[in-house]
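> The structure is given below, and queries will be raised subsequently.
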Amino acid sequence: MLRLDLPIVSLEQTPTEAFKTLRRTGRSAVLAGSAGDFRVIRADDLFRAIHQGRRRISELPYHPVTHAETEAGQDFYFMLHEISASVAHVTSRSERLGGPLLAGPADCYCVQYAHPAPGAKDDDKCRICGSKIVCLRF
């Protein structure tokens, strides 16, 4: 298990606004939602949403969040322990799942699978799948 501090955003935010939050906080996932309906949304899913022109992060795929107080002992991907106005203290089920979220988001991703492409430029080829790279400029 790995403890993470994730920034909190509203489900009504745009993917671009949420991605800017990732850059500002140096994380690769946000906790979105409100009491009873929290979700972990990763940077690659935000990239896909931006690239597809989606308007709100409520439309995106996510990992559900289990609440430590009410659902302890259940199987989970992410467990919420504590929340403040801007940061959520979450535990991931494994370091493999949570570790990549501790770093800031990449600026560039491949369009096919949203693989992060650090150091790449627009129109480069993804080193994993060979698809086109797109870099976010905002």
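Every number in this text was worked out from the coordinates using simple rules, so none of it is lab data. For clarity, every value in this text was computed on a predicted model and none was experimentally measured. All Cβ positions, glycine included, derive from the backbone under ideal geometry; neighbour counts span all protein chains shown.
> First obtain the Kirkwood hydrodynamic radius of the chain from its Cα pairs, then insert it into the Stokes-Einstein equation at 20 °C and 1.002 mPa s, and state the resulting D in µm² per second as a whole number. Before the final figure, lay out each step's value.
On the way: Rh = 15.3 Å.
In µm²/s, the coefficient is 141.
> So if R0 is 25 Å, what FRET efficiency would Tyr113 and Asp75 give, r being the distance between their Cβ atoms, rounded to the nearest 0.05?
Details: r = 26 Å, r/R0 = 1.06.
In this case the efficiency is close to 0.40.
> Hey, another quick one. Going by how many other Cβ atoms sit within 10 Å of their own, how do Lys20, Lys121 line up, fewest first? Please list the in-between numbers first.
Details: Lys20 17, Lys121 10.
Result, fewest neighbours first: Lys121, Lys20.
> Continuing with the same structure: Using Cβ counts within 10 Å as a stand-in for footprinting exposure, how do Cys110, Cys135 rank, fewest first? Don't skip to the end; give the middle numbers.
Values: Cys110 23, Cys135 14.
So the residues, fewest neighbours to most, are Cys135, Cys110.
> With everything on Cα atoms, drop me the angle between helix 43-52 and the longest principal axis of the chain, reported from 0 to 90° to the nearest 10.
With rounding to tens, the tilt is 50 degrees.
> Please work out the C-alpha center-to-center distance from the range 80-135 to the range 3-40 and express it in whole Å.
Taking the Cα centre of the range 3-40 as reference, the centre of the range 80-135 is 13 Å away.
> In nm, give the distance between the simple-model label positions of Arg24 and Ala85, each being 7 Å from the Cα along the Cα-to-Cβ direction.
Rounded to a tenth, the inter-label distance reads 1.3 nm.
> How high is the FRET efficiency from Asp5 to Arg127, r the C-beta distance, R0 25 Å, rounded to 0.05?
On the way: r = 30 Å, r/R0 = 1.21.
Taking R0 as 25 Å, the efficiency between Asp5 and Arg127 is 0.25.
> Give me Thr66, Thr16 sorted ascending by neighbouring Cβ count inside 10 Å, so fewest comes first. Let's see the in-between values first.
Numbers: Thr66 19, Thr16 16.
Sorted ascending by nearby Cβ count, the order is Thr16, Thr66.
> Given the Cα-Cα distance of Thr16 and Glu59 and 0.36 nm per residue of separation, how much length would full extension add, in nm? Mind showing how you got there, number by number?
Details: separation 43, 0.36 × 43 = 15.48 nm, distance 1.34 nm.
Going from the current span to full extension adds 14.1 nm.
> What's the angle, to the nearest 10 degrees (0 to 90), between helix 15-25's Cα axis and the longest principal axis of the chain?
That works out to roughly 80 degrees.
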